[in-house]
1. For the ranges 31-39, 7-15, what's the packing order if you count other beta-carbon atoms within 10 Å of each residue, average per peptide, and put the highest first?
2. How high is the relative contact order of the range 12-74, in percent, counting Cα pairs under 8 Å that sit 6 or more residues apart?
3. Give the shape of the range 1-43 as rounded, prolate or oblate, defined through the alpha-carbon gyration tensor: a ≥ b ≥ c are the square roots of its eigenvalues, a/c under 1.5 means rounded, and otherwise the shape is prolate if a/b is larger than b/c and oblate if not.
4. Within the range 1-55, list the chymotrypsin sites (Phe, Trp or Tyr not before Pro) lying in a DSSP loop whose Cβ has at most 15 other Cβ atoms in a 10 Å radius.
5. Taking every eigenvalue of the Cα gyration tensor of the range 1-84, multiplying by 5 and rooting it, what semi-axes result, largest first, whole Å?
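What follows draws every value from the coordinates through simple rules; no lab data is involved. Not measured: the values here are computed from a predicted model. Note: ideal-geometry Cβ built from the backbone for every residue, glycine included; neighbour counts use all protein chains shown.
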Amino acid sequence: MQLEVGTILEGKVTGITKFGAFVELPGGKTGMVHISEVAPTFVKEIRDFVTENQMVKVKVMSISEDGKVSLSMKKAIPPAPRSNAPAPRVSRPGSYEWQGRRSEATSFEDMMSKFKQTSDEKMSDLKRCVESKRGGFSKHGGSGQSK
C-alpha cells in the first residue's frame, strides 16, 4: 500500500516511548506519533492515552526522504461540530460587573460614587472575614497574656 500525506488509516501501537508512540500501518510500514500529536489536550504521560497493541486511527502528516512517517492521532479525529450559538458568558471573579452597562448615560461623578460604595462594601466584607479567621485576637498581642 502506498502511503500519502493526509491519508487517515488505522494501525496498531507497537511501541511507546516518553516522546511518542510507534504505530504499525497497513502494509507493514511503521510511523511515529509524537507526544504532542496524541490528543487535543496536554499529554504529560503518553501511557494515559495509548497502550501497546491498541488499534488507533492516525493521519499521515509527513513522509521524510529517508522514509520516516510522521503521524497524528489528534488530527485523525473529526473536529467537533461548531454551533452558531454565542459562547456562554464567563462570570468574573467576585461577580463584579467589569464593564458596566452602557445603556444609561451616567456622569463621571456618579460612576465614581458607585465605585467607591462598592469598594467600601467589599473592604468591610474582607475585614470581617479576616477578623473571623483570626479568632478575634488583636493584631499585635496574641491572646493578651504577658510574656
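1. On the way: 31-39: 19.1, 7-15: 15.6.
Listed from highest to lowest mean packing, they are 31-39, 7-15.
2. Working: 117 pairs, mean separation 21.6, N = 63.
Rounded, it is 34 percent for the range 12-74.
3. On the way: a/c = 2.70, a/b = 1.55, b/c = 1.74.
Since a/c reaches 1.5 but b/c is at least a/b, the shape of the range 1-43 is classed as oblate.
4. Values: sites: Phe19, Phe22, Phe42, Phe49; in loops: Phe19, Phe42, Phe49.
Passing sites in the range 1-55 are Phe19, Phe42.
5. Values: eigenvalues 79, 57, 26 Å².
Semi-axes, largest first: 20, 17, 11 Å.
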